Amino acid sequence: MNILGIETSCDDTGIALVECDKKNCRILSNVVSSQIKVHAPYGGVVPNLAARAHLENIGLCLKQALKKAKYPKIDLIAVTNGPGLIPCLLVGVNFAKALAYAWKKPIIGINHIEGHIYANNLKNFPILCLIVSGGHTQLILMKDHGKYELIGQTRDDAVGEAFDKVAKLLGLSYPGGPIISEKAEKGNPQAFDLPRPMINTKDFDFSFSGLKTAVLYETKRKKKFSEEYINDMAASFQQAAIDVLINKTIKAAKKYKPKTIILSGGVAANQELKKQMKEIIKKELPKTQFSIPDSKLCTDNGAMIAITAYYKNKPALFKSWVKINANANLKL
Ligand code: KG4
Ligand code: ZN
């Protein structure tokens, strides 16, 4: 079965072709057009500019993806229909609807968070998923394919959003995650005593706005930042965020006893988070498997949407193109 996956929920236009059978899914092409240059001057995603860029790029991405995959016969069209920025979702959903109509193909709407989860090769259930992106920070317990229990989430900013905002405070470029982690490699994570919000609460929720505000107050005291100051602040902030993510994940794993822990979403590309999470799981939960997608599959892309569609491949879920709609607050 060949599936076309379309992703436009935020600032990446993603189109992929994936070939799936009972054993696994093979990615034939996975084209992502990034909008970093469009949003960099603003230090964050501007929804209407993102939608405009999706509109400009989506047709070209499809053309490239089809060519790379050598024009396979398409059996199903999968499109992210939420959660996300509504002007952006509407571009992808409308494009998918038009293709479904013109090509007379079935279409299925896919939840973006589910896409991030399925970027992993899911095998041993129950699985504890830590989803960390620019829009989400969630701990989800997955008992089987399609069976989710949200056990914790951020009460304010997403962790990726905090990386982006802290980068802006330090005068660094957008997106903040990659540049903060690069600077952090050269810095001292103990240089600044930053808060670890909600680290000791009994629930599995997160909060990152206080951490961001602590960095704001620290940086306000300085007129100019030296290279050393930036590196130390980046390392201290990154470590504070990692401590909270790891602490809550391990606590949830001890309670729910999953067979596997997975990490996904853009922030899962963070090397230090991956390294520290791996070490602590090995030490404290040696029987639990740990899996992270390939870095290219961590950030938004069309392949994760197409793969999810394969596991939801029930005709009852296929909709006529007339009935597919976008929902900015779509729940799992
Ligand atoms: O999943 P994603 O591509 O888009 C959303 O669904 O939000 O995640 C983007 C987020 C951005 O906030 C970006 O700063 C963050 O992922 N990110 C990172 C790294 N690479 C990307 N955060 C920390 N370390 C990284 N290496
Ligand atoms: Zn995402």
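The values are calculated or read from the model by the stated rules, or taken from the named source; none is laboratory data. Fair warning: this is a prediction, and the values are worked out from it, not measured in the lab. Cβ placement follows ideal geometry from the backbone for every residue including glycine, while neighbour counts extend to all protein chains displayed. Heads up: the accessible areas ignore ligands, DNA and RNA and are worked out on the full protein's heavy atoms, side chains in. Shrake-Rupley method; radii C 1.70, N 1.55, O 1.52, S 1.80 Å.
Tabulated data
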quantity: The chain - accessible surface per residue (Å², probe 1.4 Å); calculated: 47
quantity: Rough spin-label spacing in nm, given labels placed 7 Å along Cα→Cβ, for Glu56 and Lys68; calculated: 2.0
quantity: Spin-label model distance (nm) - Tyr217 vs Lys22, 7 Å beyond Cα toward Cβ; calculated: 6.1
quantity: Of Lys275/Lys331; Lys168/Lys224; Lys23/Lys257; Lys259/Lys283, pairs whose Cα-Cα distance is over 22 Å; calculated: Lys275/Lys331; Lys23/Lys257
quantity: Span-rule helices in the chain, defined as complete DSSP H runs reaching 18 Å or more along the axis (Cα) with Kyte mean at least 0.5; calculated: 86-103
quantity: Amide H partners (placed H, <5 Å) of Leu28, local residues excluded; calculated: Leu17, Val18, Glu19
quantity: Heavy atoms of Trp103 accessible to a 1.4 Å probe, total area in Å² rounded to 10; calculated: 90
quantity: Fraction of beta bridges assigned by DSSP in the chain that are antiparallel (%, nearest 5); calculated: 60
quantity: Rounded to the nearest 10 Å², the accessible area of Asp21 at probe 1.4 Å; calculated: 80
quantity: Estimated vicinal HN-Hα couplings, Hz - the stretch 19-35 in sequence order (Karplus 6.51, -1.76, 1.60; Gly, Pro = x); calculated: 10, 10, 9, 4, 7, 6, 10, 10, 7, 7, 7, 8, 8, 10, 9, 8, 10
quantity: Heavy-atom accessible surface of the stretch 144-250: percent carbon and sulfur, 1.4 Å; calculated: 47
quantity: Residue-span extension gain [Glu149 to Lys257] - 0.36 nm each, minus C-alpha spacing; calculated: 37.5 nm
quantity: Spin-label model distance (nm) - Glu279 vs Asp193, 7 Å beyond Cα toward Cβ; calculated: 2.3
quantity: Rg(Cα)/(2.2 N^0.38 Å) for the stretch 125-292, N = residue count; calculated: 1.03
quantity: Rounded if a/c under 1.5, otherwise prolate or oblate - the stretch 216-321, Cα gyration tensor axes; calculated: oblate
quantity: Protection proxy ranking, peptides 52-59, 206-213, average beta carbon neighbours within 10 Å, highest first; calculated: 206-213, 52-59
quantity: Potential extension, Ala328-Tyr42 segment - 0.36 nm per residue separation minus Cα distance; calculated: 100.8 nm
quantity: Estimated FRET transfer efficiency (Ser226, Lys287; beta-carbon r; R0 41 Å; 0.05); calculated: 0.35
quantity: Cys with no candidate disulfide partner in the chain (beta-carbon separation under 4.7 Å rule); calculated: Cys10, Cys61, Cys88, Cys129, Cys298
quantity: Calculated FRET efficiency for the pair Lys104/Gln271, C-beta based, R₀ 51 Å, to 0.05; calculated: 0.65
quantity: Computed FRET value (nearest 0.05) for Asp75 with Glu182, which takes r as the C-beta separation and R₀ as 25 Å; calculated: 0.05
